[in-house]
Structures are given as C-alpha cells and as structure tokens.
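Okay, structure first, notes after.
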Amino acid sequence: MWTQVPITPYDNALALQEMEVAYETMINRPTVPGHGLSFPRGIDGKPHPFVLTLGGDHTIVYPILRSLFKRHGPITVLHFDSHIDTWSPGKIPTSTSLISQITHGTMFWKASTEGLIANNSIHAGIRSKFAGPWDLDHDTAVGFEMVTADEIDDVGVEGIVQRIHHRVGNDPLYLRYAPLGLGSLGDTDTTNKASIST
C-alpha cells in the first residue's frame, strides 16, 4: 500500500505531530499473511507492517521513531550517512524555542532524550569533521557506535556487514539511509529511506 503523508509547511510543531499520527496509523494497520513475509511483532505481541519512507528532511526521523517506539519499545538505528546527526542543540545554531531544537542534525539527540533509541545503534559511512572528542563521547552516550568511511576500505564490505550485524543483533531496526553515507562520488541527494525489520 502506498500513501503520502500530508503535512503543513507553515508550523514545524504541527508538522511533526502530523507525521507521528500518520506513522502510528500505518504501523497499526493489520498485516496480511502470506507472500513469505514475517512481520515484526510489537510489544503488544501482534505483527505490525514494515514501513518504507522516501523523501523528507532528516527531521522526519524523530516522529517516525516516536511512533515506532510505541509499538516496539526502544528502536535500534542503523544510520548510513556521512554525518552523525546526534548533536545537541547547543552545538548547532538554533533559536531558543523547544521545537527549533529538532533539526536535521539533532533528531537522534532528541530521540535519545525520550529513550526512543536502543544502545546498540550504529552509524556507517561517517566522514564528516568533528568539533572535538566530545562529539564522539556524546554520540556514544546517545547510543551509537560508529563505522567511518575509511574503515570500509580497511576491513571491506563483508567486515562492515558483520560488524553491523553483531552490533544490532535481531532487535527491531530502523534503517536510515542518506546516499552521502555510502561512497564519496559527489552524490548530494539526501533522500531518507526508512523501515523497521527484525
């Protein structure tokens, strides 16, 4: 089933609420058995559908994680990107309003303050610069381990796949993929793709 989530472009707080309600609606739909699919079971013991998201600013991750948390508990995040996106608002210039603290670079930080992210999350493809070692310490505190782009050259794709699988295990998984996280071919598309699986 395909659907488009209508959101207001004029009010960020309302847009985040609209996205969360849309995701809750989608993941609460009944699953249809068959086709060899095994749907993830939520904390309610019932199977819930996979959700694939295409497009949107990085900020959409926050309401998606909020809705997934309600069905699955803390979510393991597999994040393919060149940036960590776990910065606290104090590290990124924002206004003083609470809603403005949720940005394309702080969404994982905000999710962690609400306990939405499991401590076995992982970034892959990171190659951005950091302000200092405190960025790495904070990223770990948020719940992430990091695989840098250089490490892919050192251990190969199979080594990275094994490391990711060892880290995330079989827990409910949210996959966020930004093409900048896989390769340095000048791809500037920041389309988000997300799903949950077990």
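Taking each residue as 0.36 nm, the span from Asp150 to Asp57 lengthens on full extension beyond its C-alpha to C-alpha distance by 30.9 nm.
In the chain, the DSSP beta bridges split such that about 25 percent are antiparallel, to the nearest 5. Computed about the Cα centre, the dipole magnitude for the chain is approximately 620 debye when only Lys and Arg (+1) and Asp and Glu (-1) carry charge, each at its Cβ.
Quick one: compute the contact order of the chain, relative version, from alpha carbon pairs under 8 angstrom and 6+ residues apart, as a percent. Don't skip to the answer; put the middle values down first.
Values: 353 pairs, mean separation 48.1, N = 198.
It rounds to 24 percent for the chain.
Here the scattering of the range 5-79 is modelled by Debye summation over its C-alpha atoms, one equal scatterer each and no solvent; at q = 0.14 Å⁻¹ the log10 of I(q)/I(0) is -0.48. Taking amide H positions as modeled 1.01 Å from N, with prolines and chain starts lacking one, the residues under 5 Å from Val147 and 5 or more places away or on another chain are His123, Ala124, Gly125, Ile126. Note that the chain presents 54 Å² accessible area per residue, ligands and nucleic acids not counted, probe 1.4 Å. Net charge in the neighbourhood of Thr8 (other residues with Cβ under 14 Å of its Cβ; Lys, Arg +1, Asp, Glu -1) is -4. One Cα centroid belongs to the range 1-41, the other to the range 68-146; the line between them spans 22 Å.
The string of couplings for the range 20-26 from the Karplus curve (6.51, -1.76, 1.60, θ = phi - 60°) is 5, 4, 4, 5, 4, 4, 5 Hz, one whole number per residue in order, with x for Gly and Pro. In units of the rule-of-thumb radius 2.2 N^0.38 Å, the chain shows an alpha carbon radius of gyration of 1.02.
Counting pairs on different chains as well as pairs 8 or more places apart, how many Lys pairs in the range 27-144 have Cα atoms under 27 Å apart? Write out the running numbers ahead of the final one.
Working: Lys46/Lys70; Lys70/Lys110; Lys91/Lys110; Lys91/Lys129; Lys110/Lys129.
Going through the range 27-144 pair by pair, I get 5.
Considering only the other residues whose Cβ falls under 12 Å of the Cβ of Ile164, what net charge follows from Lys and Arg at +1 and Asp and Glu at -1? Each step should come with its number before you reach the end.
Working: positive: Arg163, Arg167; negative: Glu145, Glu151, Glu158.
Here the charged neighbours net out to -1.
Near the amide H of Gly56, within less than 5 Å, lie the amide hydrogens of Asn192, all on another chain or at least 5 residues away, with H placed in the peptide plane.
Between Thr3 and Lys91, what length comes free when the chain is fully extended (0.36 nm per residue of separation minus the Cα-Cα distance, one decimal in nm)?
Working: separation 88, 0.36 × 88 = 31.68 nm, distance 3.55 nm.
Length gained between Thr3 and Lys91: 28.1 nm.
The values are calculated or read from the model by the stated rules, or taken from the named source; none is laboratory data. Not measured: the values here are computed from a predicted model. Heads up, the Cβs are rebuilt from the backbone with ideal geometry, glycines too, and the neighbour counts pull from every protein chain shown. Accessible surface is based on the protein model in full, side chains and every heavy atom, while ligands, DNA and RNA are left aside. Shrake-Rupley method; radii C 1.70, N 1.55, O 1.52, S 1.80 Å.
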